[in-house]
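Take a look at the structure set out below.
Any read-out appearing in this document is the output of simple, stated calculations on the displayed coordinates, not a laboratory observation. Because the structure is a prediction, the values reported are computed rather than measured. Every residue, glycine as well, gets a Cβ built from its backbone with ideal geometry; the counts of neighbours run over all protein chains shown.
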Amino acid sequence: MKSLEELRALREKMKSQTDNRSVAGADETVIKVGMATCGIAAGARPVLDALLEEADKRHLHNVSISQTGCIGMCRLEPIVEVFKDGQKYTYVHMTADKARKVMNDHVVNGNPCKEYLISEN
Amino acid sequence: MRELALNILDIAENSLSAGAKNIQIGLKADTQRDEMEIRIADDGCGMDAEMLARVTDPFTTTRTTRKVGMGLPLFRFSAESAGGDFSVKSEKGKGTEVCARYKIGHIDRMPLGDFGGVVLQLITMNPDVDFFVTAEFDGEKGVLDTKEFRAVMDGIPLNAPQVRVFLRDYIQENLVTIYGGRL
Ligand SMILES: Nc1ncnc2c1ncn2[C@@H]1O[C@H](COP(=O)(O)OP(=O)(O)O)[C@@H](O)[C@H]1O
Ligand code: FES
Ligand SMILES: [Mg+2]
């Protein structure tokens, strides 16, 4: 059974590891998932899980993923906001699969997934 | 919402918006009595009586000018449509306690769903808030306390990938197995 003892061992292991992360800084990508009632009801949780999973799998250290409250567009939930290269991209009607594609095409390779973006204006 | 776990997440989000620093989540089931209870308590900003009346029952209030949310009403509905009851206690400046009870076997009771996943999300996405989570099932009890984790981790964040993997298993073994993973 997982115990605090085991967590202590994990801490020691992590503290002894040299930090080989690429330095987060100006090139950091910030991703926010709307987690208000309507977002949750529309499926924001699997979207968030897919983003975290992709980030772990690809060891993306200059990506920060967090949740946010009401974005004010209930009918477009689940919504994912990506802040990258000084711009804000709003992805709407997201699913776990779309989220993985955004991670791959946009966050990693720099090509926004235009088909999922909220139509401008 | 199709899973009570999603209601739990939503209600805990209220606590987070209320500036809570400590959030307790309690899940309790007694199969002999066919009862289960979900309790979320926080030390956030709380609400006054007028506010409380309005947010738990937005349809009978005369005030329509201010926006009312759906989170509390949905949670209330989940309990009252499943042979249970619902209560919110709140005190301005002190905190809030939301409690929903269900008849486990009621035909309209929604399944609990991915309780473990919701707990993992809450404790890893909110580095400044401590969670105390309990699962009780027919006398068996499991506990998770993020204060203990943070004391051990000594500054390493709970959302570090390796820690997250540990926590996922910890939740599974200490909370989810208590009720057998399906409720
Ligand atoms: N735990 C809490 N502490 C303080 N205020 C709360 C809490 N829960 C709910 N509220 C108040 O009740 C309102 C309605 O909550 P809710 O029904 O979840 O809808 P929403 O969160 O979308 O506003 C919130 O906006 C907030 O003002
Ligand atoms: S209430 Fe729906 S996005 Fe905020
Ligand atoms: Mg709410």
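So what's the angle, to the nearest 10 degrees on a 0 to 90 scale, between helix A:4-16 and the longest Cα principal axis of chain A? Tilt relative to chain A: about 90 degrees. Sites listed here are chymotrypsin sites (Phe, Trp or Tyr not before Pro) in segment A:36-121 whose DSSP assignment is loop and whose Cβ has at most 11 other Cβ atoms within 10 Å, and the list is empty. Start at zero, step by 10 Å, and the Cα-Cα distances of the protein assembly as shown spread as 6, 25, 32, 25, 10, 1, 0 percent across the bins.
Looking at segment A:41-121, what % of the alpha carbon pairs are farther apart than 20 Å?
Numbers: 809 of 3240 pairs.
Value for segment A:41-121: 25 percent of Cα pairs lie more than 20 Å apart.
Shielding by partners for A:38-48, please: the mean number of other protein chain Cβ atoms within 10 Å of each residue's Cβ.
Details: counts 4, 2, 11, 8, 0, 2, 3, 9, 2, 0, 3.
Mean partner-chain Cβ count within 10 Å for A:38-48: 4.
Can you give the longest run of chain B that contains no trypsin sites (Lys or Arg not before Pro) sitting in a DSSP loop with at most 14 other Cβ atoms inside 10 Å? If you can, show how the numbers build up before the last one.
Numbers: sites that count: B:R2, B:K21, B:R33, B:R63, B:R66, B:K67, B:K92, B:K94, B:R182.
That would be B:95-181.
Between the helical axis of A:44-57 and the longest alpha-carbon principal axis of chain A there is an angle of about 50 degrees.
Straight Cα distances below 18 angstrom link B:K103 to the aspartates and glutamates B:E3, B:D30, B:D34, B:E35, B:E37, B:E80, B:D85, B:E136, B:D138, with same-chain residues fewer than 8 positions distant left out.
To the nearest 20 Debye, how big is the dipole of chain A about its Cα centre, given +1 on the beta carbon of each Lys and Arg and -1 on that of each Asp and Glu? Could the numbers behind the result be given before it?
Details: 17 positive and 17 negative charges, 38 e Å.
Its charge dipole is roughly 180 debye.
Filter A:K2/A:K101; A:K15/A:K98; B:K21/B:K89; A:K32/B:K28; A:K98/B:K147; A:K32/A:K101 down to the pairs with a C-alpha to C-alpha distance above 26 Å, please.
Details: A:K2/A:K101 34 Å; A:K15/A:K98 35 Å; B:K21/B:K89 18 Å; A:K32/B:K28 32 Å; A:K98/B:K147 36 Å; A:K32/A:K101 16 Å.
A:K2/A:K101; A:K15/A:K98; A:K32/B:K28; A:K98/B:K147, as the Cα separations exceed 26 Å there.
When only Cα pairs below 8 angstrom with a gap of at least 6 residues are kept, segment A:41-121 shows a relative contact order of 31 percent.
Based on C-alpha pairs under 8 angstrom that are at least 6 apart in sequence, chain B has a relative contact order of 25 percent.
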